[in-house]
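> Provided herewith is a single structure, encoded as structure tokens, for subsequent inquiry.
The values are calculated or read from the model by the stated rules, or taken from the named source; none is laboratory data. Worth saying up front: this structure is predicted, and the values here are computed from it rather than measured. Using ideal geometry, Cβ is built from the backbone for each residue, glycine included, and neighbour counts are taken over all protein chains shown. What goes into the accessible areas is simple: the full protein's heavy atoms, side chains included, and nothing from ligands, DNA or RNA. Shrake-Rupley method; radii C 1.70, N 1.55, O 1.52, S 1.80 Å.
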Amino acid sequence: MHSKLRCAALALAALALLAGCNDSSRSSTTVSGNNNNGSGGPFRYDVDVRRSKFGIPHIRAADYASLGYGYGYVHAEDNLCVLAEDLLTIRGERAKYFGRDGKHLIVPNGSVASNVDSDFFWQSVATDAAIAPIKTNSDTEARDTTRGFVAGYNRYLRELRAGGHAGRHAACRDAEWLAEITEDDMYRRYFRLALIASTSVFVEGVATAAPPGPDNAPLPVSAAAIAALDPKELPFPLGGDLPIGSNMYALGADATASGTPMLLGNPHFPWSDTERLYLTHLQIIDPASGEETLNIMGASLYGVPAALIGFNQHFAWSHTVSTAFRFTFYELTLNPTDPTQYLYDGGFVPMEATELSVEVKDEEPETRTLYRSQYGPMLEFQVSGVPVLEWSYAKAYTLRDANAENDRMINQFFRWNAADSLSEFIDLHGEVLGVPWVNTAAVGSAPGDRAYYGDVTVVPNVPDSKADQCGTSPIALAFKQLSPGLPVLDGSRTDCAWGSDDDAPVPGIFGRANLPTLQRDDWVHNCNDSYWLSNPDEPITGFAAIIGDEGTARTLRTRLCMLQVQQRLSGSDSLEGKPGIPKEKFDLATLQHIALDSAVYSAELARQSVLDSYCQSPQIIGSSGPVDVTTACTVLEGWDKKNNLESKGGHIWREFWRGVDSGGASTWLSPFSIDDPVNTPRGLNVLDPQVEQAFADGVQKVADSGFAFEATMGSLQHSGVHAHDHDDADSLIPVFGGEHFEGSFTIANARGSGLGAEGYEVTYGNSYIQTVTWDEGGHPVAEGFVTYSQSTDPASPYYSDMTRAYQKKQWIKFPWTEADIAAATVEQLRLQER
């Protein structure tokens, strides 16, 4: 923590400093301005902001607009440059400011495109017409908060431009692209977030899709080649090694020592860019009556002034990325004489053509014509060099995205934030049905509240029967093999349109009765596999394949997720717990221990087999010849099968397991059994040549890395966000945890090809973590972390402080009561504007 609290010298000409600040243990500043709206009368925005330790803002106002104002101000103070760049990206202005040569990565879904292609994509997708329904249909509370956020953000920016906040935001404070934002910018931000698991996966494919012609000959497409692709190479729904994921437990009264439910929320999100999570406490209290109309604490993706994951005195909830598809492809049959017309109900329909122009720095603007069908944008794309969806003279492909039509997402979270019971929370889940792409787990504080799970999300209404009847082309059949559950529908027939449910808020999506839910007195969970085994004692079955798979093998991480709870409740784990806490129950400390334990489930399943086989020989054969495994085996024998900072050997195992296809039929001696899905497959097949070679190559990778076999994980793995702040190695912040593919529950992902010269630089994984229960007075008892800290500005005192606490597993109390907030407050600010 910084020894001196900042003194807010706010120098904007329109602002008048009403009270000073000092160098004492707390600073208190009141600032007001007229913003050209007259010098008298009541304030349009009036908000108190108290920051507790680690920079947590507690924002208290009398109305939603003022609440948003405070949120926008502190969020700009903490994360101005990152959010500003994202907003200009969604406006389609990257090439204008950064030039043609740059690339833009949407970190949570892995989509990469040139600046020019990114601009064409967002100009064509995030149009005024696309965001109009969100603006029009958002609740008054959401609109007011959005308006206030814009005003508060712009207030901070004006102060910065006037010379205030010295030393802050060096990365952008003098940049020509840093500008005030509008409410439309915010609605575009909401729209972009809704599309993370759908249209925005295809930025380049949409931006470059063009009809065939003399200068654009179509590539040959092979259904067999498509079916033979590795599903891990697909960009959808969030393919490969889960660009984003999460763990969550909802523990009911039967699972806890106190009889009060508990919740673990543990998103695994990027440590960079705007899909970081930001923790706030939001309160609306009428100053005259003292009536509290909002009191919620939790985390949100940057630029969303609400709690997306959080808690209050009545309930707590979290999310994990769902397996459901949010879109379908449509195959269009084209007019042989005009590839921009497609067959529909016996006649040819022209595509909608839009000419767009993108400004390019130091160049003339570039112009393209992009096309849309009645379903959505036209697109083309390849996977690993194989043409998959190609615009030919006979066929073309388009995308319908249910979340591009979702105008309820913001209302969902604002209404949840104001709910006053778990039952109301659950009712709102199905009534609003605006959650875009995440599972939900929740618990409540009231007697009788049960642990709740639901994949009640926006899913195209395509039952299996429709997918079968409307997906009969060679490409559609290839997709059934490559990506089960993702339909490629016939776009020429009315009967292939998405269906409707009576209990859905809008046509085209499934209603709650056709979406999976579960309530239990003991526990539910999700760790990114489908809904099927939310609790293995009560499988959820009978839902459409577009939502998820049933009766299939779970990932190693999901199996560990389930086992940890089962072993705790059976008393078979090794955790002793506190005196007086039954071995068969959870308390908060036990839940927290499990969350950060850094166990590696693949090692639990397979290490002994490796020691008993490959380690009995001094050398084994790798892809480049014999490899000496003697030292590596000695270290692995003493390894604790975890990736804690002091653990030795985890990097050897990780580089070995990176080369193992743990889902392959030959990897395990005992295959997956639907009768024992938590414990199968098992028994490493050490006679599998791929496994043997993977071990040798993994050992060689470590030998070539320059790191010792006996190196601790803490000496190898550190925050990639904070890695280059200083030149000295002492500035590195070690990070514990492992990767999804090796069966880690505690996630720290370096997102690279493996162990490199810098070790493992963590840029993704455990992000916002909350453990929540309630005390005897009904107050939330919540502890956790923002693992990468609250601010992206290296000059901020809140840039790395939570990361260092996380490094030490020093759980941070989230102050809730007035007494706790007062005791933890390190800064106070009163913001007013007429």
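> Rounded to the nearest Å, what's the spacing between the alpha carbon centres of the stretch 425-453 and the stretch 580-601? Just the number, please.
Comparing the Cα centres of the stretch 425-453 and the stretch 580-601, I get a distance of 24 Å.
> While we're on this one: Projected onto the charge dipole of the stretch 662-778 (+1 at Lys/Arg Cβ, -1 at Asp/Glu Cβ, origin at the Cα centre), which of VAL686, GLN717, TYR768 gives the Cα projection farthest towards the positive end?
In the stretch 662-778, that residue is VAL686.
> Excluding same-chain residues fewer than 8 positions from LYS232, which lysines have a Cα within less than 18 Å of its Cα?
In chain and number order, the partners are LYS480.
> Starting from the stretch 777-808, pick out the chymotrypsin sites (Phe, Trp or Tyr not before Pro) whose DSSP state is loop and whose Cβ has at most 15 other Cβ atoms within 10 Å.
Qualifying residues, ordered by number: none.
> With a 1.4 Å probe and every protein chain left in place, work out the accessible area per residue of the stretch 386-523 in Å², rounded to a whole number.
I get 32 Å² per residue for this part.
> Answer rounded, prolate or oblate for the stretch 218-371, using the Cα gyration tensor with square roots of eigenvalues a ≥ b ≥ c: rounded when a/c is under 1.5, else prolate when a/b is larger than b/c, else oblate.
Prolate, because a/c is 1.5 or more and a/b exceeds b/c.
> Turning to a different aspect of this structure: Given a cut-off of under 8 Å on Cα pairs at least six residues apart, what relative contact order in percent is computed for the stretch 431-519?
Relative contact order, the stretch 431-519: 32 percent.
> I've got another one for you. Shape of the stretch 775-834 from its Cα gyration tensor (a ≥ b ≥ c, root eigenvalues): rounded if a/c is under 1.5, otherwise prolate when a/b > b/c, or oblate?
oblate
> From the square roots a ≥ b ≥ c of the eigenvalues of the alpha-carbon gyration tensor of the stretch 328-477, which class results: rounded (a/c under 1.5), prolate (a/b over b/c), or oblate?
Cα axes put the stretch 328-477 in the prolate bin.
> State the extension gain, in nm to one decimal, for the chain segment bounded by ALA665 and ASP468, taking 0.36 nm per residue of separation less the distance between their alpha-carbons.
68.2 nm
> Taking amide H atoms as placed 1.01 Å from N in the peptide plane, list the residues 5 or more away in sequence, or in a different chain, whose amide H sits under 5 Å from that of SER445.
The list, which skips near neighbours in sequence, is PHE315, LEU422.
> Something else: Determine the distance separating the Cα centre of the stretch 268-328 from the Cα centre of the stretch 745-805; give it in Å without decimals.
First find each Cα centre; the distance between them is then 16 Å.
> Just grab the label-to-label distance for GLN481 and GLU366, each label 7 Å out from Cα along the Cβ direction, in nm (one decimal).
Label-label distance for GLN481 and GLU366, simple model: 3.6 nm.
> Quick one: if you stick a label point 7 Å off each Cα along the C-beta vector at THR293 and THR817, how many nm between them?
Spacing of the two 7 Å Cα→Cβ label points: 2.7 nm.
> Ok, one more. Which value, in Å² and to the nearest 10, is the accessible area of LEU332 when all protein chains are kept and the probe is 1.4 Å?
0
> For the stretch 799-816, what does the Karplus curve 6.51 cos²θ - 1.76 cosθ + 1.60, with θ = phi - 60°, yield as ³J(HN,Hα) per residue in whole Hz, taken in order and with x for Gly and Pro?
7, 9, 5, 5, 4, 6, 5, 4, 3, 8, 6, 8, 4, 9, 6, 8, x, 10
> Percent relative contact order of the stretch 342-404, based on C-alpha pairs within less than 8 angstrom and at least six residues apart?
22
> On a straight-distance basis, which lysines could pair with LYS361 in a cross-link, Cα separation under 17 angstrom, same-chain partners fewer than 8 positions away excluded?
LYS96, LYS103
> Please grab the % of Cα pairs in the stretch 102-143 that end up more than 12 Å from each other.
Value for the stretch 102-143 (Cα pairs over 12 Å): 67 percent.
> Between their Cα atoms, which of LYS642/LYS813; LYS585/LYS642; LYS648/LYS808; LYS641/LYS701 are more than 21 Å away from each other?
LYS642/LYS813; LYS585/LYS642
> Calculate, for the stretch 36-171, the solvent-accessible area per residue in square angstrom, rolling a 1.4 angstrom probe over the heavy atoms of the protein chains.
32
> Per-residue ellipticity at 222 nm for the chain, helices alone: DSSP H runs ≥ 4 residues times -39500 (n - 2.57), over residue total, nearest 500 deg cm²/dmol?
The helix-only estimate for the chain comes to -8000 deg cm²/dmol at 222 nm.
> Return the aspartates and glutamates within reach of LYS466: Cα separation strictly under 20 angstrom, same-chain partners fewer than 8 residues apart disregarded; answer none if there are no such residues.
GLU331, ASP345, ASP401, ASP490, ASP495, ASP501, ASP502, ASP503, ASP549, GLU550
> To the nearest 20 debye, what charge dipole does the chain have about its Cα centre, counting +1 at the Cβ of each Lys and Arg and -1 at the Cβ of each Asp and Glu?
Its charge dipole is roughly 1220 debye.
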